[in-house]
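Data first, discussion second: the structure below is written as structure tokens.
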Amino acid sequence: MGEVITITSGKGGVGKSTLSANLSVALAHLDKKVVAVDFDIGLRNLDMILGLENRIVYDVVDVMEGRCNLSQALINDKKARNLYFIPASQTSDKNILDTDKVAKLIEDLKKDFDFIILDSPAGIEGGFEHSIFLADRAVVVSTPDVSAVRDADRVIGIIDAKSQKAKDGDEVIKYVVVNRLNQEMVKRGEMLSVEDVLSILALPLVGVVPDDRQIITSTNEGEPIFYNDKSLASEAYKRIARRILGEKVPMLNLEEPKGFFKRLFG
Ligand SMILES: Nc1ncnc2c1ncn2[C@@H]1O[C@H](COP(=O)(O)OP(=O)(O)OP(=O)(O)O)[C@@H](O)[C@H]1O
Ligand SMILES: [Mg+2]
């Protein structure tokens, strides 16, 4: 049976979809069979980051409503053959998801995939609850600023209260990703440090992703930053995937501003 990993945040725009895409690609390249599902109903993003927007015919609501079967809706990535994708619906009705239908879809996906990566929407309404309630694990993304961290903290509380695992007396495994860290700003005291974020959220850290302008270019080009070997963010996502698989991988050294390889190997 596959595992459901929900990528969530509280505050919007902190990098959930970028992480969902790159983590999915990275796990697929580590020989795991992965499906990424966009739960951001009404707003489509993950398809663009994965470069799959031109291949969309059916979406997640079509599957749940029986307008197509699951295999018709699954888009297989041509570059990462182990990766499949189900797009969000562009309906304006954010409350269209039905709990039982979501549960059925996830149960079906668990039979076929090692990992089901759910990209949750911003905020705590609509698709958010549906994206966390069947989670086995949750990756809470935060940028190093007070408002994002506060919203992340709130979301952690909701996961603990509303997930099926919590209702069963079990616990969702939770981790933090600190995204868009700028070490120079931390040094100047203009940005929270990773330690500051962790002292508030009190969860294990599964990765730190540097602020990397190439991410915007790569999204525009429809190729996940994963494939850019010169990007530090790419390396950060690859390490997150390995940590998710239980490997002990050192954190990226973001200290030394000169030279990619120096930074990579410390
Ligand atoms: N590490 C990073 N460095 C630079 N830019 C980044 C980084 N991570 C994400 N971004 C950029 O930030 C913006 C928001 O990212 P993304 O769409 O992944 O966030 P989100 O949390 O999914 O947003 P939403 O809440 O709207 O779904 C995008 O333009 C993305 O390219
Ligand atoms: Mg998003």
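Any read-out appearing in this document is the output of simple, stated calculations on the displayed coordinates, not a laboratory observation. No experiment lies behind these values; they were computed from the predicted model shown. Here Cβ is always computed from backbone atoms with ideal geometry, including for glycine, and neighbour counts include all displayed protein chains.
Here are some notes:
- Mean Cα-pair separation over length for the chain, i.e. relative contact order, pairs under 8 Å, 6 or more apart, %: 23
- In terms of its alpha-carbon gyration tensor, region 122-266 comes out prolate; a/c meets the 1.5 threshold, and the first ratio a/b outweighs b/c.
- Computed from label points 7 Å out along Cα-Cβ, the spacing between N69 and R81 is 2.3 nm.
- Sites matching GluC sites (Glu not before Pro) across region 95-181 that sit in DSSP coil, with at most 12 neighbouring C-beta atoms within 10 Å: E125, E171
- Taking a sphere under 15 Å around the Cβ of D47 and counting the other residues whose Cβ falls inside, with K and R at +1 and D and E at -1, yields a net charge of -4.
- Cα-Cα P(r), region 3-265, percent of pairs per 10 Å interval: 7, 32, 38, 19, 4, 0
- Calculated diffusion of region 19-148, Stokes-Einstein form, Kirkwood radius summed over Cα pairs, 10 °C and 1.306 mPa s, µm²/s: 107
- Longest segment of the chain lacking trypsin sites (Lys or Arg not before Pro) that sit in a DSSP loop with at most 12 other Cβ atoms within 10 Å: 82-187
- Normalised contact order of region 43-119, rounded percent, pairs of Cα under 8 Å and 6 or more residues apart: 31
- Residues whose amide H falls under 5 Å from that of V141, counting only those 5 or more places apart or on a different chain, are T8, S9, V177, with hydrogens built in the peptide plane.
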